[in-house]
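Trainee: Let me begin by handing over the structure; questions about it come next.
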Amino acid sequence: MQQEDKEVEIRKIVQDTMEAERKIQRNRILYNTRILMEQYIEMRRHVENAISEVEEMDTTEFESLMQENTHLESVRRTKLKTAMMIANIDRAMEELRQEYEDNRMLYKYEAFRLHYIDGKSFEEVAEIQNCGKNTPSRWSKELIRKMSVKLFGIEGIEKW
C-alpha cells in the first residue's frame, strides 16, 4: 500500500510539473504575440526602409559600408523573416476582422487595430469609441489570445 501511495504522489508531482510547464509556455506565446503586435509598426518600417541590396545605395554609402565590412546578406535575411511575419500578422488580422464582423463585434477588432496597427494609445481608442478607459485594453487582450492561435497554431492554444 505504501508503494502505491508513493507512485500516486510521484504521478501527481509529474502532472503538476507538466501543467506548470504548459502554463509557462502559454504565457510565453501570449507575451510573444503581444510583443509582435506592439512592434508591428516598426517591423513594417524595417521592411520598407532596410537597405538589403547594393542597388538601393548610392556610391558613397556603398563604399563606406563595404569598408566597415558590413554584410547585406544579414539584412536580407532579417528583412525577409520580418516580411514573412508581417504577412502572417496581416492574414491573421483579416481573419479576426471577418470573425468579429460576422459576430457583430467589429468594435472590438477596431479597438485592437487602432492600438496595434495605427499606434493609438488605449486612452485615445476609448475616446474614439466612446467607451470606458479600460475597455479597449480588455478587448485587445481577448484578440491577442485569438491572434496567438492564428500565428502559432497548437502552441497558441491554452490547454492541449
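The values are calculated or read from the model by the stated rules, or taken from the named source; none is laboratory data. Small disclaimer: the values here were computed from a predicted structure and weren't measured. Positions of Cβ are backbone-derived with ideal geometry, glycine not excepted, and every protein chain shown enters the neighbour counts.
Trainee: Could you check how many residues of region 1-42 are within 11 Å of the chain's Cα centre (by Cα), modelled with pLDDT of 85 or more and either exposed (fewer than 10 other Cβ atoms within 10 Å of the Cβ) or in a helix (DSSP H, G or I) (or both)?
Mentor: Residues in region 1-42 being within 11 Å of the chain's Cα centre (by Cα), modelled with pLDDT of 85 or more and either exposed (fewer than 10 other Cβ atoms within 10 Å of the Cβ) or in a helix (DSSP H, G or I) (or both): 9 in total.
Trainee: Follow-up question, since we're still on this one. Identify all residues within region 126-154 that are among the aliphatic types (A, V, I, L, M), farther than 21 Å from L30 by Cα and buried (at least 16 other Cβ atoms within 10 Å of the Cβ); write none if there are none. Can you show your working first?
Mentor: Start the filter on region 126-154 by keeping residues that are among the aliphatic types (A, V, I, L, M), which leaves 126, 128, 143-144, 147, 149, 151, 154.
Among the residues that remain, those that are also farther than 21 Å from L30 by Cα are: 126, 128.
Passing the criteria: only A126.
Trainee: How many residues are loosely packed, with under 15 Cβ neighbours inside 10 Å, touching a residue at least 24 places away in the same chain (Cβ under 8 Å) and either in contact with an Asp or Glu (Cβ under 8 Å, 6 or more places away or on another chain) or of a type in the set (D, E, K, R) (or both) when one looks only at region 92-125?
Mentor: Adding up the residues that qualify gives 1.
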